[in-house]
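Enquirer: Here you go, one structure.
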Amino acid sequence: MTASPFPTYPPQLEADVLVSARSLAEYTDMFGLDERDRASRIVDCPGGAASAVAELGAAGGDAIAVDPQYSLGADELRARVLADVERSVTESRRRHPDYDWDVRGGVVGHEEMRRAAAETMLDDLCARPEKYVAGALPSLPLASDSADLVLCSHLLFTYADILDFDMHVASLVDMARVAPEVRVYPLVDHSGNPMPEFIRSMISRLKKARLTCRIEPVERPFQLAATTRLVVERTAHRRP
Ligand SMILES: C[S@@+](CC[C@H](N)C(=O)[O-])C[C@H]1O[C@@H](n2cnc3c(N)ncnc32)[C@H](O)[C@@H]1O
């Protein structure tokens, strides 16, 4: 493992971030995953209680998740996940106009999907604990080039109120150390505010680290304000 030149981020912030549970269908939409992506070595960070790794694994894929909450014991993690899923669906209901509910089968369909994702992830965690690695950005406990693609959903940008600019840059640099391609979604904060200046400055900093960025449209966004994802690649990297 190559050590990151950046300091570990203060762990007390982990308590403030919701452990949410998205499904592989949601990841497919957010990250534009195609068949080739799903067959590649994927790191989901933060994995939270998302079921992407479980679902990919069940289909014969090679995916692992990284999240600081995986250091909790199984019972404590289960309690935290189930409580946070309820917090998350309550919050989505409260902000009803911010979402395109048709994309997720209405309010009921969405809530069923989130609860099912959490149960799928928790079952997989018991069955395949080695696929759930305790660790935190901006310093992943993974070897350089140990994956083809890192997916980062609902941490960076979403929590830009508590994770500062340097943390974002350091995290993206470290994810690009682990895999030649990193996809991040969404590019708005948790209130749906765009952050064009923050993103412009970040792209410029990443360029100096020999990382190329592009912003792609997202089809069928559930969060209406979150219409794009960021793709970060090593400058020399070209997928064959
Ligand atoms: C909103 S959840 C997103 C989970 C999943 N990606 C999804 O979309 O459902 C945010 C996750 O970030 C994790 N987290 C908090 N600080 C982190 C850090 N420094 N590095 C990696 N993950 C972190 C939390 O534990 C939580 O599980």
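Enquirer: For the range 71-97: of the residues being small (Gly, Ala, Ser) and in contact (Cβ under 8 Å) with a residue 40 or more places away in the chain, which is farthest from Ala127 (Cα to Cα)?
Expert: Ser88
Enquirer: Are any residues in the range 37-57 aliphatic (A, V, I, L, M) and either touching a residue at least 40 places away in the same chain (Cβ under 8 Å) or within 12 Å of the ligand (Cβ to nearest atom) (or both), and if so, which ones?
Expert: Selection gives Ile42, Val43, Ala49, Ala50, Ala52, Val53, Ala54.
Enquirer: Out of Ser201, Ser144, Ser171, I need the residue that is part of a loop (DSSP other than H, G, I, E, B) and either in contact (Cβ under 8 Å) with a residue 12 or more places away in the chain or of a type outside the set (Asp, Glu) (or both). Which one?
Expert: From the options Ser201, Ser144, Ser171, the qualifying one is Ser144.
Enquirer: Filter the range 222-236 down to the residues that are of a type outside the set (D, E, K, R) and surrounded by fewer than 20 Cβ atoms within 10 Å (Cβ to Cβ), then identify the one that is farthest from Gly106 (Cα to Cα).
Expert: For the range 222-236, the residue satisfying everything is Ala236.
Enquirer: Filter the range 83-107 down to residues that are within 15 Å of Ser23 (Cα to Cα) and hydrophobic (A, V, I, L, M, F, W, C) and give me whichever is farthest from the chain's Cα centre (by Cα).
Expert: Step by step, filter the range 83-107, then rank; the result is Val103.
Enquirer: Right, Ser71: within 13 Å of the ligand (Cβ to nearest atom) and over 22 Å from Arg229 (Cα atoms) or not?
Expert: yes
Enquirer: Now for a separate question. Can you spot a residue in the range 152-163 that is farther than 16 Å from Pro46 by Cβ, modelled with pLDDT under 95 and assigned to a loop (DSSP other than H, G, I, E, B)?
Expert: yes
Yes/no per residue for (1) among the polar types (S, T, N, Q); (2) closer than 28 Å to Leu149 by Cβ:
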{"position": "Cys45", "(1), (2)": "no, yes"}
{"position": "Gln69", "(1), (2)": "yes, yes"}
{"position": "Asp75", "(1), (2)": "no, no"}
{"position": "Val81", "(1), (2)": "no, yes"}
{"position": "Ser92", "(1), (2)": "yes, yes"}
{"position": "His96", "(1), (2)": "no, no"}
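Enquirer: Can you find even one residue in the range 198-219 that is within 16 Å of the ligand (Cβ to nearest atom) and within 20 Å of Ala52 (Cα to Cα)?
Expert: Yes: the range 198-219 contains one or more residues that are within 16 Å of the ligand (Cβ to nearest atom) and within 20 Å of Ala52 (Cα to Cα).
Enquirer: Looking at the range 127-146 only, could you name the residues that are within 15 Å of the ligand (Cβ to nearest atom) and among the small types (Gly, Ala, Ser)?
Expert: Listed by number, the residues that qualify are Ala134, Gly135, Ala136, Ser139.
Enquirer: Turning to a different aspect of this structure: Under 25 Å from Thr235 (Cβ atoms) and surrounded by 14 or more Cβ atoms within 10 Å (Cβ to Cβ): does that describe Tyr159?
Expert: Judged against the criteria, Tyr159 is not a match.
Enquirer: A further question on this structure: Do you know which of the residues in the range 114-126 that are surrounded by 12 or more Cβ atoms within 10 Å (Cβ to Cβ) and under 12 Å from Ala74 (Cα atoms) is farthest from the ligand (Cβ to nearest atom)?
Expert: This residue is Asp123.
Enquirer: While we're here: Cβ-Cβ under 6 Å, sequence separation 6+ or interchain: first residue in the range 179-191 and farther than 24 Å from Ala236 by Cβ, partner of a type in the set (Lys, Arg). Which pairs?
Expert: Short answer, once both residue conditions are applied: Tyr185/Arg229.
The values are calculated or read from the model by the stated rules, or taken from the named source; none is laboratory data. Quantities reported herein were computed from a predicted structural model and do not represent experimental measurements. When we count neighbours, we look across all protein chains shown, and the Cβ atoms used for this are built from the backbone with ideal geometry, even at glycine.
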